[in-house]
1. Looking only at segment 87-116, count how many residues are in a strand (DSSP E or B) and over 25 Å from M29 (Cβ atoms).
2. Take A37 and tell me if it is at pLDDT below 90, surrounded by 15 or more Cβ atoms within 10 Å (Cβ to Cβ) and closer than 21 Å to M106 by Cβ.
3. Taking the condition among the basic types (K, R), farther than 22 Å from K5 by Cα and either modelled with pLDDT under 90 or touching a helix residue (DSSP H, G or I) at 6+ places or on another chain (Cβ under 9 Å) (or both), does R110 pass?
4. Could you say which residue among T70, T45, T22 is under 24 Å from K105 (Cα atoms), among the hydroxyl-bearing types (S, T, Y) and modelled with pLDDT of 90 or more?
5. For segment 48-67, which residues satisfy the criterion of being at pLDDT below 65 and of a type in the set (S, T, Y)?
6. For residues that are within 24 Å of C6 (Cβ to Cβ) and polar (S, T, N, Q), scanning just segment 62-107, find the one that is surrounded by the most Cβ atoms within 10 Å (Cβ to Cβ).
7. For A79, which of the numbered conditions (1) in contact (Cβ under 8 Å) with a residue 24 or more places away in the chain; (2) outside any loop (DSSP other than H, G, I, E, B) fails to hold?
Amino acid sequence: MKCDKCGALIKKGEEMESHGRTLCEDCYMDVLSPARACNPWAVYTAKSLSNKEGAVSETQAKILAILKETGGVEPNILAERIQVKLTDLEREIAALRHMEKVRAKMKDDRKMICLW
């Protein structure tokens, strides 16, 4: 059986159903809890904790380093460079956005992730 969203193979009995679609566990979690970049309480909390040591994960540190090096990059290219799924990147970007460390901007009709 295959996931209707990502195409991954799903073992029998491990499939999840959502809105008539058969999903793997990762895609099901993404459907239940999508990444949200705009959340005032998350911004307030993240900003107050972002100056503390260890506030940024290893993956987030890689993202910040790439953005500093490039000046901004498209999400799919960034996901490829740090070798994570696009949905996982979206969660990392949302956390960094809450800390006001990264933002998105449009450049030549393309969404770019760049430093705040």
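The values are calculated or read from the model by the stated rules, or taken from the named source; none is laboratory data. Treat the numbers as computed from the prediction; the structure is a model and nothing was measured. Glycine also receives a Cβ, built like all others from the backbone with ideal geometry; neighbour counts cover every protein chain displayed.
1. First, pick out the residues of segment 87-116 that are in a strand (DSSP E or B): 102-107, 110-115.
Pick out the ones that are also over 25 Å from M29 (Cβ atoms) and you get 103, 105-107, 110, 112, 114-115.
Residues flagged as in a strand (DSSP E or B) and over 25 Å from M29 (Cβ atoms) within segment 87-116 amount to 8.
2. Details: at pLDDT below 90: yes; surrounded by 15 or more Cβ atoms within 10 Å (Cβ to Cβ): yes; closer than 21 Å to M106 by Cβ: yes.
Against the criterion (at pLDDT below 90, surrounded by 15 or more Cβ atoms within 10 Å (Cβ to Cβ) and closer than 21 Å to M106 by Cβ), A37 qualifies.
3. The answer is no for R110.
4. Exactly one of T70, T45, T22 is under 24 Å from K105 (Cα atoms), among the hydroxyl-bearing types (S, T, Y) and modelled with pLDDT of 90 or more, namely T70.
5. S48, S50
6. Looking at residues that are within 24 Å of C6 (Cβ to Cβ) and polar (S, T, N, Q), I get T87.
7. The one condition A79 does not meet is (1).
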